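Peer 1: This structure is in structure tokens; I'll ask about it shortly.
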Amino acid sequence: MKAVRFDQYGGVDVLQVREVEDPIAGPGRVLVAVKAAGINPGEIAIREGLLHERWPATFPSGEGTDLAGVVHSVGDGVTTFAAGDEVLGWTEERASHAELVVVPADQLTAKPASVPWEVAGSLFVVAMAAYASVEAVAPQAGDTVVVSAAAGGVGSVAVQLARRTGANVIGLAGERNHDWLRQHDIVPVTYGEGQADRIREAADGKIDAFIDAFGDGYVDLAIGLGVSPQRINTIIDYEAVGRLGVHAQGTHAIASAALLAQLTALVADGSLEIPVARTFALDQVRDADRELSERHSHGKIVLLA
């Protein structure tokens, strides 16, 4: 099979698509022919070595967590899936950017026919991170919640889930994404210089919670806006977590196939949108990483195997 590999930390040029041995489904595991696999900013940070202390790579390393595809075969003891089933889920082994991947059966759920492959293949990380973030700040009906990077992969889901609680949601985003936010009943605010004043004006002075999906000082901004550390969650600014005592609840704090199935059902019935900015072929992984690293995409960047 073809799979993404890198042999050392570095820029996008260390990524290669190689032919490697096909994996085999052992007991309790499922071999999936990958149709789509999302790329996430955390995977870029790992490849660059920025998260070595937290999540070190072992070389040669693969990459990729999200996946959707068709079951090729199952190992002993697997009764929940069979060859030909359409599934989505995740791997903990940095392995989904490939034509084939083996995952434990309890990390998969059925893919509804109404959910496109590119959406299914990019659902796990952002949906879980967004759900965890909203859970951490515990919005109530009538609260005001601010979300940074509100049109990005995690942010675009977090604003929708926060709004479903009955909270008023302010989304920080570039002006080209304001119409999308308005369509989802989110109050758009342009990020950048002067954003604190714009947030206060949009919130009418009352800000109860803050979800940081971008880093780069947004936790400090939230503190400056008067938000309690116990109602701030960041999925990226770990330095601020230690310094300020805010939450850092993310994908793996709550990950389960049962919750993934619930969120997938919301996507299937049109209650939750997972925006996909662009798709790339597996062989174009470098181009996909370059686009994602610019951090201006509305929604997900997805590899199609």
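The values are calculated or read from the model by the stated rules, or taken from the named source; none is laboratory data. Quantities reported herein were computed from a predicted structural model and do not represent experimental measurements. FYI the Cβ positions are ideal-geometry reconstructions off the backbone, even for glycines, and counts take in every protein chain you see. The area values use the complete protein model at the heavy-atom level, side chains included, leaving out ligands, DNA and RNA. Shrake-Rupley method; radii C 1.70, N 1.55, O 1.52, S 1.80 Å.
Residues checked against (1) farther than 30 Å from Ala213 by Cα; (2) hydrophobic (A, V, I, L, M, F, W, C):
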| residue | (1), (2) |
| --- | --- |
| Met1 | yes, yes |
| Asp7 | no, no |
| Gly10 | no, no |
| Asp13 | no, no |
| Arg29 | yes, no |
| Ala36 | no, yes |
| Ile39 | no, yes |
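Peer 1: Here is a further query. Counting only residues that are touching an Asp or Glu at 6+ places or on another chain (Cβ under 7 Å) and hydroxyl-bearing (Ser, Thr, Tyr), which one in region 104-149 is farthest from Val169 (Cα to Cα)?
Peer 2: The qualifying residue farthest from Val169 (Cα to Cα) is Ser122.
Peer 1: Another question, if that's okay. Can you name every residue in region 74-90 that is under 12 Å from Ala105 (Cβ atoms) and either without any contact (Cβ under 8 Å) to a residue 40 or more places away in the chain or in contact with a strand residue (DSSP E or B) (Cβ under 7 Å, 6 or more places away or on another chain) (or both)?
Peer 2: Hits for region 74-90 are Val74, Gly75, Val78, Thr79, Thr80, Phe81, Ala82, Asp85, Val87, Gly89.
Peer 1: Further question on the same structure: Filter region 64-104 down to the residues that are of a type in the set (A, V, I, L, M) and more than 13 Å from Arg29 (Cβ to Cβ) and list them by number.
Peer 2: Leu67, Ala68, Val70, Ala82, Ala83, Leu88, Ala98
Peer 1: Among the helices (runs of 4 or more DSSP H) contained in region 210-305, which hold 2 or more residues that are open to solvent by 40 Å² or more (accessible area, probe 1.4 Å) and touching a strand residue (DSSP E or B) at 6+ places or on another chain (Cβ under 7 Å)? Outline the logic, then answer.
Peer 2: Numbers: elements: 218-224, 238-244, 251-254, 257-268, 285-293.
Where helices (runs of 4 or more DSSP H) fall fully within region 210-305 and carry at least 2 residues being open to solvent by 40 Å² or more (accessible area, probe 1.4 Å) and touching a strand residue (DSSP E or B) at 6+ places or on another chain (Cβ under 7 Å), they are 285-293.
Peer 1: Consider region 221-258. How many of its residues are free of Cβ contacts under 8 Å to residues at least 24 places away in the same chain and acidic (Asp, Glu)?
Peer 2: Qualifying residue count for the region: 1.
Peer 1: Restricting attention to region 23-35, does a residue exist that is more than 24 Å from Val115 (Cα to Cα), surrounded by fewer than 16 Cβ atoms within 10 Å (Cβ to Cβ) and among the small types (Gly, Ala, Ser)?
Peer 2: Yes, there is a match, as at least one residue in region 23-35 is more than 24 Å from Val115 (Cα to Cα), surrounded by fewer than 16 Cβ atoms within 10 Å (Cβ to Cβ) and among the small types (Gly, Ala, Ser).
Peer 1: Looking only at residues that are among the hydrophobic types (A, V, I, L, M, F, W, C) and either assigned to a loop (DSSP other than H, G, I, E, B) or modelled with pLDDT under 95 (or both) in region 155-187, which one is farthest from Phe210 (Cα to Cα)? If you could, list the steps in order and put the result at the bottom.
Peer 2: Quick first cut of region 155-187, residues among the hydrophobic types (A, V, I, L, M, F, W, C) only: 157-159, 161-162, 167, 169-170, 172-173, 180-181, 186-187.
Retained after the next criterion (residues that are either assigned to a loop (DSSP other than H, G, I, E, B) or modelled with pLDDT under 95 (or both)): 167, 186.
Details: Ala167: 12, Ile186: 14 Å.
Per the criteria, the residue is Ile186.
Okay, residues lined up against (1) polar (S, T, N, Q); (2) at negative phi; (3) in contact with a helix residue (DSSP H, G or I) (Cβ under 9 Å, 6 or more places away or on another chain):
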residue	(1), (2), (3)
Val87	no, yes, yes
Glu93	no, yes, no
Pro112	no, yes, yes
Ala127	no, yes, yes
Gly153	no, yes, yes
Asn177	yes, yes, yes
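Peer 1: Of the residues Ala57, Ala149, Ala95, only one is of a type in the set (A, V, I, L, M, F, W, C), open to solvent by 10 Å² or more (accessible area, probe 1.4 Å) and under 14 Å from the mean Cα position of the chain (by Cα); which?
Peer 2: Ala149
Matching residues to (1) among the acidic types (Asp, Glu); (2) at pLDDT 95 or above:
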| residue | (1), (2) |
| --- | --- |
| Asp7 | yes, yes |
| Asp13 | yes, yes |
| Ala25 | no, yes |
| Ala33 | no, yes |
| Gly42 | no, no |
| Glu53 | yes, no |
| Gly69 | no, yes |
| Thr91 | no, yes |
| Val103 | no, yes |
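Peer 1: Right, next: Can you name the condition, by its number, that Gly69 falls short on among (1) closer than 26 Å to Gly152 by Cα; (2) out of contact with any Lys or Arg (no Cβ under 7 Å at 6 or more places or on another chain)?
Peer 2: Against the list (1) closer than 26 Å to Gly152 by Cα; (2) out of contact with any Lys or Arg (no Cβ under 7 Å at 6 or more places or on another chain), Gly69 comes up short only on (2).
Peer 1: Follow-up. Do we find that His184 is touching a residue at least 12 places away in the same chain (Cβ under 8 Å), open to solvent by 10 Å² or more (accessible area, probe 1.4 Å) and under 19 Å from Gly270 (Cβ atoms) in this structure?
Peer 2: Spelling it out, His184 is indeed touching a residue at least 12 places away in the same chain (Cβ under 8 Å), open to solvent by 10 Å² or more (accessible area, probe 1.4 Å) and under 19 Å from Gly270 (Cβ atoms).
Peer 1: Can I ask one more? Does Glu201 satisfy the condition of being assigned to a helix (DSSP H, G or I), surrounded by fewer than 17 Cβ atoms within 10 Å (Cβ to Cβ) and of a type in the set (D, E, K, R)?
Peer 2: Answer is yes for this residue.
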